[in-house]
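Contents: one structure, followed by commentary.
Coordinate-derived values only; no laboratory data. The structure displayed is predicted, hence computed values, not measured ones. FYI the Cβ positions are ideal-geometry reconstructions off the backbone, even for glycines, and counts take in every protein chain you see.
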Amino acid sequence: MLFNSFTYLLAFLPVVVAGFYLLGKHVGRRPALGWLVAASLVFYGWWNPPYLVPLVEVIGTEWTSPAAIDFTMALHKAVGKTPVHVRKDVPGFVGNRLQHALWREAISLVERGICDAETVDKVIKAAFGRRLAVLGPLENADLVGTDLTLAIHQTVLPDIDCRPGPSPYLERLVAEGKLGFKSGEGFRKWSPEQQAALRTKVVEHLKKAREGDA
């Protein structure tokens, strides 16, 4: 319980620090205060559920000092998290950019009639998804060879969805009120029993993964 309370407290620290930064920046008689706080300004992104998923993305600004980054990394390690330093502040940081690149193509496959939503999820869970916890994509690319990776990209990438905006299919689902678990239907239909079963399955899987990390 103490660990969970402390981790949730950590999640609010960026808001507090940002408040002090803005306060210091706008105190005209003591402008150095703003820059002092700016050097300590660090943001971080947690993954849900935070008590089971260890990753924390640590992001500084152009003014953040290396000492502030090092302190934040060490702080999260001390409470059992897995911090990574994201060197540039970009939308989505690292994790969400990778996740939604996959989601974009998954949605496109359904939108184009190549397969249905259930098939997309089954392919991921029964194939490369099983390796991802122990074999990252760039580790995999090195494993098979960068030459093979290049050859595959030359064939596959030209046909992968690269539209700059959201899928019209996704926009249509939202416009029609098909919001997933919230409404009982999204890409697939979900009964209350199916929703509860999937939530339980995810939590149990994450608990086992955490035990394996210990």
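From the phi angles alone, apply the Karplus equation (6.51, -1.76, 1.60; θ = phi - 60°) to segment 72-78 and give each ³J(HN,Hα) in whole Hz, x where the residue is Gly or Pro.
5, 4, 5, 4, 5, 4, 5
For segment 151-213, which trypsin sites (Lys or Arg not before Pro) are both in a DSSP coil and crowded by at most 15 other Cβ atoms within 10 Å?
Details: sites: 172, 178, 182, 188, 189, 199, 201, 207, 208, 210; in loops: 178, 182, 188.
Answer by residue number: 182, 188.
Across segment 95-111, in residue order, what do the Karplus-derived ³J(HN,Hα) couplings come to in whole Hz, using 6.51 cos²θ - 1.76 cosθ + 1.60 with θ = phi - 60° and x for Gly and Pro?
Running phi through 6.51 cos²θ - 1.76 cosθ + 1.60 with θ = phi - 60° gives x, 5, 5, 5, 4, 7, 5, 5, 4, 4, 6, 4, 5, 4, 4, 6, 4 Hz.
Do any GluC sites (Glu not before Pro) in segment 149-204 lie in a loop, going by DSSP, with at most 11 other beta-carbon atoms within 10 Å of their beta carbon, and if so which?
Those satisfying the criteria are 176.
Got a sec to turn the phi values of segment 118-130 into Karplus ³J(HN,Hα) couplings, 6.51 cos²θ - 1.76 cosθ + 1.60 with θ = phi - 60°, whole Hz, x for Gly and Pro?
Whole-Hz 3J(HN,Hα) from phi for segment 118-130: 4, 5, 4, 5, 5, 4, 5, 5, 9, 10, 5, x, 5.
Can you give me the long-range amide H partners of residue 56? Hydrogens built in the peptide plane at 1.01 Å from N, cutoff under 5 Å, separation of 5 or more residues or another chain.
82, 84
List the residues whose amide H sits under 5 Å from the amide H of residue 185, counting only those 5 or more places along or on another chain, with H placed 1.01 Å from N in the peptide plane.
Amide H neighbours of residue 185: 179, 180, 190.
Using the structure shown, list the pairs from 122/182; 122/207; 77/178; 88/201; 81/201 with a Cα-Cα distance above 31 Å, or answer none.
Long pairs (Cα-Cα over 31 Å): 77/178; 88/201.
Tell me which residues come under 5 Å, amide H to amide H, from residue 44 once H is placed; ignore anything under 5 positions away on its chain.
Here 59 satisfy the definition.
Check each of the trypsin sites (Lys or Arg not before Pro) in segment 107-166 and keep only those in coil by DSSP with at most 12 other C-beta atoms within 10 angstrom; list them in order. Please list the in-between numbers first.
Numbers: sites: 112, 122, 125, 130, 131; in loops: 112, 131.
Qualifying residues, ordered by number: 112.
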